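Chemist: This is the structure, below, for whatever I ask next.
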Amino acid sequence: MRSIAMDLDGASTMELVNAASTIAAELAHRAPPDSPAACLELTETLARTSDLQESCIADLLGVVDASGEVRRWGLPSTQAWLRTRLGMRDNRAKERLTLARQRHRLTRVTKLWASGELSHGYAATIASAVARLDNDDCGAAEEILLGMVDQGFSAGKVASFGKRIRDVIAERDGTERSDGESRRGYERSWITSTRSLDGGRYLKGWLNAEDAAVWEGTLGPLAKPAGTDDRRDLSERTAAALTTVLAGGHKATKVTVICDLDTLTGGTAPARLTDGTPIPPQQARRIALSAG
């Protein structure tokens with residue numbers, strides 16, 4: 001007969017993790033009860049327990065990620081470690097890593113999650129929504145999204161609001177900018193990449209006005225039809241152009257920025273691209289400094 005006796009207050013984290021692992025291994029080999037009602041109740045209890053374990057994992061993962069410990073084991077990143085050593089798919093690894101990295105900014109979410117009052121699903125949804133926000137907007141977003149949880153919105157609905165959370169915050173605070181293109185132009189660009197089963201990759205992302213100009217200035221000329229026999233559509237030609245650039249087969253990039261001399265010497269007036277898209281003055285100066 002096997003048993004576990006432990007002083008929870010005096011046990012180390014290692015001892016508690018080992019005990020939880022032993023219990024989980026035993027549960028995995030147990031047949032479910034015959035009663036559907038009992039199975040329902042046990043499933044809910046075990047799911048809430050799993051949420052608490054996920055909270056602990058996020059804490060531990062945060063320490064691993066911040067220290068760069070995985071490089072000592074020959075792995076290039078924490079995400080690669082989660083994929084190879086823990087067998088996670090890309091999306092699952094990214095979700096856990098985002099949670100680990102955003103916990104310190106989401107104080108209410110972290111507290112509610114660790115106390116069992118917030119599910120892992122809601123915590124992951126909110127962490128994903130604030131990942132690209134500054135600290136001020138992060139706090140406002142946390143308040144809004146937790147309010148939606150309190151009102152009984154599903155995690156899917158919270159995720160949908162999270163995708164447009166900047167606009168939600170602006171509407172609430174009355175700070176909407178009149179020019180939507182200008183608003184988007186001040187945000188950071190981002191690209192995510194997910195491996196497909198056949199070894200390829202899916203790409204998804206968004207570029208601010210400055211980076212979009214670089215994209216168009218570099219790939220636009222390369223993505224033109226190679227001749228009358230070129231039957232590829234624009235998306236296929238763009239992919240080929242991007243591959244050419246990544247392989248080092250193209251070096252020149254042309255981006256035209258129009259600005260006053262005062263802007264280049266420290267002024268606050270925005271510059272603009274040839275299509276009229278505004279560029280913040282500090283970005284215009286950075287482009288000028290790095291130009292050939």
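The values are calculated or read from the model by the stated rules, or taken from the named source; none is laboratory data. Keep in mind it's a predicted model, so treat the numbers as computed, not measured. Please note: Cβ atoms are built from the backbone with ideal geometry, for glycine as well, and neighbour counts cover all protein chains shown. All accessible areas refer to the heavy atoms of the entire protein, side chains included, with ligands and DNA or RNA removed. Shrake-Rupley method; radii C 1.70, N 1.55, O 1.52, S 1.80 Å.
Chemist: Would you tally the residues in region 145-161 being farther than 25 Å from ILE191 by Cβ and crowded, with 19+ Cβ neighbours inside 10 Å?
Modeler: Residues in region 145-161 being farther than 25 Å from ILE191 by Cβ and crowded, with 19+ Cβ neighbours inside 10 Å: 2 in total.
Chemist: Would you confirm whether or not region 221-228 contains a residue that is open to solvent by 60 Å² or more (accessible area, probe 1.4 Å), of a type in the set (Lys, Arg) and modelled with pLDDT of 85 or more?
Modeler: Yes, that holds for at least one residue.
Chemist: Further question on the same structure: Go over the candidates LEU112, LEU97, LEU82 one by one and state the one that is modelled with pLDDT of 95 or more and part of a helix (DSSP H, G or I).
Modeler: On the way: LEU97 fails: modelled with pLDDT of 95 or more; LEU82 fails: modelled with pLDDT of 95 or more.
After ruling out the rest, the residue left standing is LEU112.
Chemist: Here are VAL168, VAL130: which of them is out of contact with any Asp or Glu (no Cβ under 7 Å at 6 or more places or on another chain), assigned by the TED database to the domain that holds ALA58, of a type in the set (Val, Ile, Thr) and at pLDDT below 95?
Modeler: VAL168
Chemist: Please give the number of the condition GLY248 fails out of (1) at pLDDT 85 or above; (2) on the phi > 0 side of the Ramachandran plot.
Modeler: Failed condition: (1).
Chemist: Going through region 44-64 one residue at a time, which ones are open to solvent by less than 80 Å² (accessible area, probe 1.4 Å) and of a type outside the set (Ser, Thr, Tyr)?
Modeler: ALA47, ASP51, LEU52, GLU54, CYS56, ILE57, ALA58, LEU61, GLY62, VAL64
Chemist: Which numbered condition in (1) part of a helix (DSSP H, G or I); (2) in contact (Cβ under 8 Å) with a residue 40 or more places away in the chain; (3) surrounded by 12 or more Cβ atoms within 10 Å (Cβ to Cβ) is the only one that ASN91 fails?
Modeler: ASN91 satisfies all of (1) part of a helix (DSSP H, G or I); (2) in contact (Cβ under 8 Å) with a residue 40 or more places away in the chain; (3) surrounded by 12 or more Cβ atoms within 10 Å (Cβ to Cβ) except (3).
Chemist: Kindly indicate which of ALA5, ALA38, ALA19, ALA28 is closer than 24 Å to HIS120 by Cβ, among the small types (Gly, Ala, Ser) and open to solvent by 70 Å² or more (accessible area, probe 1.4 Å).
Modeler: ALA28
Chemist: Right, next: Do you know which residues across region 122-144 are surrounded by fewer than 18 Cβ atoms within 10 Å (Cβ to Cβ) and in a loop (DSSP other than H, G, I, E, B)?
Modeler: ALA131, ARG132, ASP134 - these are the residues of region 122-144 that are surrounded by fewer than 18 Cβ atoms within 10 Å (Cβ to Cβ) and in a loop (DSSP other than H, G, I, E, B).
Chemist: Also, I was wondering about something else. If SER182 satisfies every condition in (1) open to solvent by less than 40 Å² (accessible area, probe 1.4 Å); (2) at pLDDT 75 or above but one, which is the exception?
Modeler: For SER182, the exception is condition (2).
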